[in-house]
Amino acid sequence: MVSVIYSDEFLEHKTGILHPERPERLTAIVTALKAFPDNGQLQWHSPTPVQQRDSLLMTLLEKVHSRSHIKAVAEIADHGGGFLDTDTPVFVKSYDVALLAVSAWLDGVDLVLTNRKPTFVLARPPGHHAESRRGMGFCLFSNAAIAAHYALEKLDINKVAILDWDVHHGNGTQEIVETNENIAYCSLHQYPCYPGTGSAEEHGFYNNVLNLPMSPGSTIANYQRAFKEKVIPFLANFQPDLLIVSAGYDANHDDPLASISLQPEDYRLFTEYCLQITRKILFGLEGGYDLPSLSKSVLETIEACLVN
């Protein structure tokens, strides 16, 4: 069984006409998951309402983000909406939806640690570009970093690794976690590409960061080499008690925002590599903007968890 956390409330983060990070991303994935033959092996969960963990959410948010950033998102929403930057809209309900997304990632941590099996969080807005003091790149709050800090408060969780296979470097996640020796961050990302960060020369404050810039046009052969020679040894050496995957699917060949040439079935292989490290994996949706390849890729990820 694989747990899936989802709510229709995530569709209420409106980004405007033609914005690539749109509600239809989730509806396409949900439709695909409910249609595939083994959907009976999925356990669907609704995220814990924000009101039920409001104080915990704010404590965790303030551990990761500045109060000024949190206040800015809330005030833009309260005043009818606006933008954090040219790419990052905030709708009237975006602040509440972003908090619910964080809650869903926390639920994901709890489910993985309880069941000792993979869980997939289908939430938006995404988070890996959100830095401690600002949101950017479609992201409001740093879901993966917050989930990692939450996990470290659990008994028997001493180390958390974050693997980011989104085609864009997770500048926000790295900026937040690179000073924490109990969190490792590994990113495979197209370079050059937005946001222009993620040099291979960056190793974190405790040698806890591994960036693997991938050239435009890279294929599964390039990624396989990177996984076998770099990613798996890095994660295995860190020995995480929990693995969080910032699961972006915009490295697909058909994705409009980058130039990597992966196929949806390649994400099955990525997932199998992760399962070699641990079965305690939290997958959380980041990017992916071509709806057919996005939904197929998520399905490949989940099916790999079901058969391994």
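The values are calculated or read from the model by the stated rules, or taken from the named source; none is laboratory data. These figures come from a predicted structure and were not determined experimentally. Note that we place each Cβ from the backbone using ideal geometry, even for glycine, and neighbour counts take in every protein chain shown. Ligands, DNA and RNA are excluded from the accessible area calculation, which covers all protein heavy atoms including side chains. Shrake-Rupley method; radii C 1.70, N 1.55, O 1.52, S 1.80 Å.
Before moving on, here are some points about what is shown:
- All of (1) at pLDDT 95 or above; (2) open to solvent by 50 Å² or more (accessible area, probe 1.4 Å); (3) at negative phi hold for residue 155 with one exception: (1).
- The number of residues in region 273-295 being surrounded by fewer than 21 Cβ atoms within 10 Å (Cβ to Cβ) and over 20 Å from residue 117 (Cβ atoms) comes to 2.
- In region 160-199, of all residues being in contact with a helix residue (DSSP H, G or I) (Cβ under 7 Å, 6 or more places away or on another chain) and open to solvent by 10 Å² or more (accessible area, probe 1.4 Å), the one that is nearest to residue 142 (Cα to Cα) corresponds to 176.
- Of all residues in region 200-219, those being open to solvent by less than 50 Å² (accessible area, probe 1.4 Å) and part of a loop (DSSP other than H, G, I, E, B) number 5.
- Cross-chain or 6+ apart pairs with Cβ under 7 Å, region 66-81 first and farther than 17 Å from residue 145 by Cβ, then open to solvent by 20 Å² or more (accessible area, probe 1.4 Å) and part of a helix (DSSP H, G or I): 74/95; 77/95
- Among the residues making up region 116-149, a single one is assigned to a helix (DSSP H, G or I) and either aromatic (Phe, Trp, Tyr) or open to solvent by 10 Å² or more (accessible area, probe 1.4 Å) (or both): 149.
Conditions tested, residue by residue: (1) touching a residue at least 24 places away in the same chain (Cβ under 8 Å); (2) within 27 Å of residue 60 (Cβ to Cβ).
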position	(1), (2)
174	yes, yes
193	yes, no
202	yes, yes
205	yes, yes
208	yes, yes
214	yes, no
217	yes, no
226	yes, no
237	no, no
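- Qualifying residue in region 252-271 (condition: modelled with pLDDT under 95, in a loop (DSSP other than H, G, I, E, B) and either within 17 Å of the chain's Cα centre (by Cα) or surrounded by fewer than 20 Cβ atoms within 10 Å (Cβ to Cβ) (or both)): no
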